[in-house]
Structure formats: C-alpha cells, structure tokens
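Here's the structure we're looking at; comments come further down.
The values are calculated or read from the model by the stated rules, or taken from the named source; none is laboratory data. Keep in mind that this is a model prediction, so the values were computed, not measured. Every residue, glycine among them, receives a Cβ derived from its backbone with ideal geometry; neighbour counts consider all protein chains shown. For accessibility, only protein heavy atoms count, side chains too; no ligands or nucleic acids. Shrake-Rupley method; radii C 1.70, N 1.55, O 1.52, S 1.80 Å.
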Amino acid sequence: MLRVPPILYDGGTALTQLILLTPFACLRWPEVTRHWTEHRRYVMGMAVFSPIAYILVLTALSFTPVSYIAPAREVSIIIGTFIGAKYLKESDSRRRLWAAAAMVVGIFALAVG
C-alpha cells in the first residue's frame, strides 16, 4: 500500500482532471458560461461536497475494513431512490424503495456482524 494521504490523492486527481479537461471546456466555452450562470449554486455545491465525501471515504478506508465502507457508500443509492420516488415521481418506485430497504437491512447486518 502506498499510504498516500487522501487529501493529496484527491488533489492530484482534481489537478489531473483540470489539465485533461480544460481544452474540451475551452472548445465549448459558451455552453460552459451558460451552464455556470444558470446553475451556479449547484455547481458550487458539487465542487465543495463531492471531494469532501470522497476524502471522507478514503480516510475511513485507511482505518476501517472495506467490508464496512463499501456497503455504506451505497447509502447514496437509497437517498437517490427516495428522491426519485418522492420528488421526481419516477415510475416503479415501490419496487425501487423495497430494493433500497433491502440494502438498508444488508448494511445493518454488516454493521452488527
């Protein structure tokens, strides 16, 4: 294991993405600026919270068994299922909510051993 600190790893990844994706963004600059003006709040939220969430997962992986962390990360699927059913009125929400509930049971079973 390399034992690279999570913040350094995520920062290096972000810098690499910036270098590789900047030419593509420059080619579509009017679209980028339009998206920024229409969705600035959401872009800023993603820019802050997404790296924080990933760094927290990497930090947890440094001292907790992967068998606890991997299923717990899937909680986002449960949250997304709830939002899709409640606010986006997605079809077949009952089946999706039952599947999400089964995931909660599985996560709980892993947590208690």
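Overview of values
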item: Debye intensity ratio in log₁₀ form over the Cα atoms of segment 21-73, taken at each q of 0.16, 0.23, 0.30 Å⁻¹; result: -0.65, -0.85, -1.08
item: Cα shape, the chain, gyration tensor, a/c 1.5 rule; result: oblate
item: Accessible-area composition of the chain, carbon plus sulfur, in percent [1.4 Å probe]; result: 71 percent
item: Computed accessible area, VAL105, all protein chains, 1.4 angstrom probe, square angstrom; result: 100 Å²
item: Residue-level accessible surface for ILE7, protein heavy atoms, 1.4 Å, Å²; result: 120 Å²
item: Sequence of LEU97, LEU27, LEU58, LEU15 from largest to smallest accessible area, 1.4 Å probe; result: LEU27, LEU15, LEU97, LEU58
item: DSSP loop trypsin sites (Lys or Arg not before Pro) with at most 14 other Cβ within 10 Å: longest gap in the chain; result: 29-88
